[in-house]
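One structure is given here, and the rest of the page talks about it.
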Amino acid sequence: MVFAAGALAVRMVIAAFSGMGAATICHPLDVVRVQMQTDTEGKYQNGVVDCAKQIVGSDGMKALYAGIGAAYLRQWLYGSCRIGIYAYLLENAQNANIAKGLEKNAIPLTKKLAMGMCSGGIGSFVGTPSELALVRMSADSKLPVAQRRNYKGIGDCLSRIAAEEGIPGLWTGAKVTVIRAMLLSACVMGIGSEVKMNLTKTGFFGPDGKLLGGIPLLFVSTLISSFAANIVSNPVDVCKSRLQNQVPDPKTGELRYNKGMLDCLYQIASQEGIPKLWSGFVPAFVKLAPYTIISLILAENLTFLITGKGAI
């Protein structure tokens with residue numbers, strides 16, 4: 001039991017550091033994604049580049065790294081669980097197959113998807129406060145000056161949310177955040193593992209997929225799984241960003257999306273059109289793909305260096 005807990009902890013720490021490396025590079029795309037998804041006035045309808053230009057033009061280059069502290073915290077809370085727990089569960093499933101005399105990787109896709117949903121769901125619930133802070137800090141510059149929260153950093157953001165909205169306020173949008181993470185993680189981790197296994201069998205990426213250290217294989221498999229994950233999770237992601245960033249109406253004190261996720265999805269689709277549910281798809285994918293590729297390549301290589309085994 002102690003050994004198992006230690007092995008899980010090692011996997012999670014590796015995953016957290018891998019995620020921090022990826023977040024450092026990809027965070028500006030996350031800021032653009034959040035601002036596009038919370039745009040209810042058509043301010044950024046000309047696309048990703050125009051959105052980035054407006055952000056920089058209004059608040060300077062530093063605005064593209066708004067909420068980076070929350071992004072790092074998110075890796076220790078959410079990223080560590082998503083990759084670390086999945087890698088741990090996958091290794092246990094492989095060892096169980098070996099003990100039964102079966103081929104190590106003969107694990108059904110459905111089981112991999114379930115492991116991805118489990119690791120993503122746990123990580124997301126634990127990491128919801130950091131996700132909330134990330135959304136709030138990334139979108140703050142878009143709000144009217146009078147409504148801006150002007151957080152001084154991740155600590156100030158979390159303490160103010162707790163003081164102004166209560167401790168439960170730190171889990172605002174937790175339901176939709178967990179659902180989104182379960183869908184995203186199932187696709188990225190589960191489909192990623194399945195695609196990696198099948199591409200390895202082709203021999204195109206060298207013996208056991210080790211061509212150039214296995215990086216090309218990881219790159220292609222992660223790119224495919226990230227695209228699938230983005231298609232599935234983007235509507236929930238838009239809903240999550242809206243729920244977590246909404247402010248009470250100054251006249252009525254009511255929240256626009258006060259009936260939850262389904263009401264939010266319905267309002268967006270009926271009032272702004274179904275395509276709006278995939279708002280921010282390009283920056284989300286452009287961010288998710290390299291973020292996932294970088295974090296998984298780092299996790300795979302660090303895990304192999306430390307444990308002698310792969311992460312996915």
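Note on the range 131-208: the alpha carbon radius of gyration divided by the globular reference 2.2 N^0.38 Å gives 1.74. Return the carbon/sulfur percentage of the accessible area of the chain, one whole number, probe 1.4 Å, all protein chains in place. Looking at the chain in its full context, I get 69 percent from C and S. Assuming charge only on the beta carbon of Lys and Arg (+1) and of Asp and Glu (-1), the dipole of the range 119-247 about its Cα centre is about 180 debye to the nearest 20.
The angle between the Cα long axis of helix 48-59 and the longest principal axis of the Cα atoms of the chain comes to about 50 degrees, rounded to the nearest 10.
Stokes-Einstein diffusion for the range 50-111, with the hydrodynamic radius set to the Kirkwood value over Cα pairs and evaluated at 10 °C in a medium of 1.306 mPa s, equals 105 µm²/s. Peptides 90-96, 293-299 ranked from most to least packed by the mean count of surrounding Cβ atoms within 10 Å: 293-299, 90-96. For the range 148-164, putting each phi into the Karplus relation 6.51 cos²θ - 1.76 cosθ + 1.60 with θ = phi - 60° gives couplings of 5, 8, 6, 5, 8, x, 5, x, 5, 4, 5, 5, 6, 4, 5, 6, 8 Hz, in residue order, rounded to whole numbers and with x for Gly and Pro.
Which pairs break 22 Å Cα to Cα here: Lys201/Lys287; Lys43/Lys259; Lys104/Lys210; Lys53/Lys142?
Values: Lys201/Lys287 29 Å; Lys43/Lys259 26 Å; Lys104/Lys210 17 Å; Lys53/Lys142 13 Å.
Violating the 22 Å Cα-Cα cut-off are Lys201/Lys287; Lys43/Lys259.
Mean-square fluctuation check for the chain, GNM, Cα pairs under 10 Å: which of Ala70, Ala162, Ala186 is largest? Result for the chain, Cα springs under 10 Å: Ala162 fluctuates most. Counting only protein heavy atoms and a 1.4 Å probe, the range 119-264 has 44 square angstrom of accessible area per residue. What the range 12-98 shows is 38 Å² of accessible area per residue, with the surface traced by a 1.4 Å probe over protein heavy atoms. Result for the chain in a Gaussian network model with C-alpha springs under 10 Å: among Asp249, Asp263, Asp156, the largest mean-square fluctuation is at Asp249.
Using bins of 5 Å that start at zero, the share of Cα-Cα pairs per bin across the range 223-312 amounts to 3, 13, 17, 15, 14, 11, 9, 7, 6, 4, 1, 0, 0, in whole %. Return P(r) of the chain (all Cα-Cα pairs; 20 Å bins starting at 0; whole %; ordered from short to long distances). P(r) over the chain, rounded to whole percents: 33, 55, 12, 0. The calculated 222 nm mean residue ellipticity attributable to helices in the chain amounts to -23000 deg cm²/dmol, summing -39500 (n - 2.57) over DSSP H runs of n ≥ 4 and dividing by all residues. In whole angstrom, the range 4-70 maps to an equivalent ellipsoid with semi-axes of 33, 12, 8, each derived as √(5λ) from the alpha carbon gyration tensor and ordered largest first. Only Cα sites of the range 79-234 enter the Debye sum here, all with the same form factor; the resulting log10 I(q)/I(0) across q = 0.14, 0.15 1/Å is -0.79, -0.86, listed in q order. Overall, the anisotropy analysis places the range 160-312 in the prolate class: the square-rooted eigenvalues a ≥ b ≥ c of its C-alpha gyration tensor yield a/c not less than 1.5, with a/b exceeding b/c.
State, to one decimal in nm², a quarter of the convex hull surface area for the C-alpha atoms of the range 259-312, i.e. the direction-averaged projected area.
For the Cα atoms of the range 259-312, the hull's average projected area reads 5.5 nm².
Within the shell defined by Cβ-Cβ distances under 12 Å, the residues around Ala16 carry a net charge of +3, with Lys and Arg each +1 and Asp and Glu each -1.
The values are calculated or read from the model by the stated rules, or taken from the named source; none is laboratory data. Computed from a predicted model, the values in this text were never measured in an experiment. In this analysis, Cβ positions are derived from the backbone assuming ideal geometry, glycine residues included, and neighbour counts consider all displayed protein chains. Note: accessible area is taken over every heavy atom of the protein model, side chains too, but ligands, DNA and RNA are not part of it. Shrake-Rupley method; radii C 1.70, N 1.55, O 1.52, S 1.80 Å.
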